[in-house]
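Visitor: Structure in structure tokens, see below.
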Amino acid sequence: MKSGHHPHGMPSTAVSGSSLVEVLIALLVLSLGLLGVAGLQLTGLRNNEGAYLRSQAVLISYDLVDRMRADRERASAYDTGGSFVDINHTAGPDPMDDWIAGQLTALPQGRVNVDCDGEEALCTVQIRWDDQRAEGEADQTFALETRL
């Protein structure tokens with residue numbers, strides 16, 4: 001008997017290639033992998049935006065402290081009395097108005113609180129903004145405590 005033939009003399013047909021079920025399973029596995037990659041990309045973008053906003057908060061808080069140190073005689077004019085003020089505040093010291101108009105607008109719904117202890121020249125600057133993409137609480141706060 002020759003190889004490749006049935007015992008009855010008919011040539012054998014070898015099955016080769018992929019069946020439709022195998023192709024569908026491969027597509028399903030590939031699709032799940034691509035969905036995972038898309039989810040990672042979305043998480044990365046959200047975290048990148050949050051990191052950018054935090055960096056902006058750090059930079060503008062250091063800018064505020066530098067302004068206060070540069071003009072120590074008027075440093076107390078930056079004190080907000082323990083309350084947060086934003087771009088829409090109605091009454092405030094002139095240097096704070098200029099700073100808010102120039103810096104605080106970089107953050108969505110940015111607000112600032114400056115609380116200084118006059119005797120020790122110890123100041124706490126808190127910057128708060130709304131980070132809708134953040135996990136958990138949307139309001140984020142950066143605090144900086146320094147001596148003038």
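Read the figures in this text as sums done on the coordinates, not as results from a lab. Nothing here was measured: the structure is a model prediction, and the numbers come from that model. A quick note on method: Cβ atoms are made from the backbone with ideal geometry, for glycine too, and the neighbour counts reach across all protein chains shown.
Visitor: Which value in nm describes the separation of the simple spin-label points at residue 46 and residue 117, placed 7 Å from the Cα toward the beta carbon?
Guide: Inter-label distance under the simple model: 4.0 nm.
Visitor: Per-residue counts of other Cβ atoms within 10 Å, averaged by peptide: what ranking do you get for 28-38, 97-107, highest first? Please report the intermediate quantities before stating the final value.
Guide: Working: 28-38: 10.0, 97-107: 16.0.
For the peptides 28-38, 97-107, the packing ranking is 97-107, 28-38.
Visitor: In addition: Could you work out how much longer the chain between residue 77 and residue 23 gets when fully extended? Use 0.36 nm per residue separation minus the Cα distance between them, nm to one decimal. Before the final figure, lay out each step's value.
Guide: Numbers: separation 54, 0.36 × 54 = 19.44 nm, distance 7.14 nm.
Full-extension gain reported as 12.3 nm.
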